[in-house]
Amino acid sequence: MSSKVLEIKNLLMQFGGLKAVNDVSLDIHESQITALIGPNGAGKTTFFNCLTGVYTPTSGDINIIPPGKKLIRANGLKPNKITEIGLARTFQNIRLFQNMTVLENVMIGRHAVTNAGVLGAIFNGKKTKEEEKKIIHDSHEILKVMNLEKFANEFASNLPYGAQRLLEIARALATDPFLLLLDEPAAGMNPQETIELIGTIEKLKHEFNLSILLIEHDMHLVMNLSDMCYVMDYGRLIAKGTPEETANNPTVIKAYLGEDF
């Protein structure tokens, strides 16, 4: 089995008397696509928020292992530090800069991992100018991969809904992650857009050498895309296995109230 890039041990996120994430342990392996599924309110997005520094977990360990580097204990790190380490995420509710162009949205992601710094930006030195050219070039390349290049100079607000979803992924890719966290990437997409998204995520995995963790309700996407599947209900993990094993697990079927996978 490939090496681990993320190791979660006994994670607890408590809000007063509510244990939104309750003793969750899981591993994400390099170059794998892992799905985290469960009914609404199961704690999946809260779990993502713990991983990305939005919340500091009540207890437990979040260990990030960048490929070829030493383990980093990420509990309590701020979101920008998590991004610098190499984790990037999208959101269930689209959070684009609607009044900026598609290209500018991706450039913002790229700026998060540049080196010229504040003084360079103020004095606009040679290093900053060279870096800005590279940011523009790299951003265009990401848009090409995502089939969004034709929208480069459009305002994000003018994009079709499915393209806005893809732009969120493009902006996350711009931070040069090794682990990409996708929170319901197919939400609101029609069946054809979902089929195309499956192909896009597969392509990104190989082209950018990514490990991917996704939250998703669309079981067609989960079954066709993921290597491993974890299931949450009421804050706890209730199952793990291949997508096929998970779909046939009686506990999982019961949690989904008999939903036909």
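The values are calculated or read from the model by the stated rules, or taken from the named source; none is laboratory data. All values reported here derive from a predicted model rather than from experimental measurement. Every residue, glycine as well, gets a Cβ built from its backbone with ideal geometry; the counts of neighbours run over all protein chains shown.
Taking the criterion of being aliphatic (A, V, I, L, M) and part of a helix (DSSP H, G or I), would at least one residue in the stretch 227-246 satisfy it? No, every residue in the stretch 227-246 fails to be aliphatic (A, V, I, L, M) and part of a helix (DSSP H, G or I). Among the residues making up the stretch 148-197, those that are more than 18 Å from the chain's Cα centre (by Cα), free of Cβ contacts under 8 Å to residues at least 40 places away in the same chain and not in a helix (DSSP H, G or I) are Pro160, Asn190.
Take Asn75 and tell me if it is part of a loop (DSSP other than H, G, I, E, B) and assigned by TED's automatic domain parsing to the domain that holds Leu6. When the stated conditions are applied, Asn75 passes them. Counting only residues that are in contact with a helix residue (DSSP H, G or I) (Cβ under 9 Å, 6 or more places away or on another chain) and not β-branched (Val, Ile, Thr), the stretch 1-23 holds 5 of them.
Restricting Asn63, Asn10 to those that are loosely packed, with under 15 Cβ neighbours inside 10 Å and not charged (D, E, K, R) reduces the list to Asn10. Residues of the stretch 150-178 that are farther than 18 Å from Met189 by Cβ, touching a Leu at 6+ places or on another chain (Cβ under 8 Å) and surrounded by 15 or more Cβ atoms within 10 Å (Cβ to Cβ): Ala152, Leu173, Pro177, Phe178.
Residue-wise test of (1) touching an Asp or Glu at 6+ places or on another chain (Cβ under 8 Å); (2) without any contact (Cβ under 8 Å) to a residue 40 or more places away in the chain; (3) of a type in the set (A, V, I, L, M, F, W, C).
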{"site": "Leu204", "(1), (2), (3)": "no, no, yes"}
{"site": "Ser211", "(1), (2), (3)": "yes, no, no"}
{"site": "Ile215", "(1), (2), (3)": "yes, no, yes"}
{"site": "Gly235", "(1), (2), (3)": "no, no, no"}
{"site": "Asn249", "(1), (2), (3)": "no, yes, no"}
{"site": "Ile253", "(1), (2), (3)": "yes, yes, yes"}
{"site": "Tyr256", "(1), (2), (3)": "no, no, no"}
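Of all positions in the stretch 111-129, none carries a residue that is assigned to a helix (DSSP H, G or I), of a type in the set (A, V, I, L, M), modelled with pLDDT under 95 and in the same structural domain as Gly41 (by TED's automatic domain parsing).
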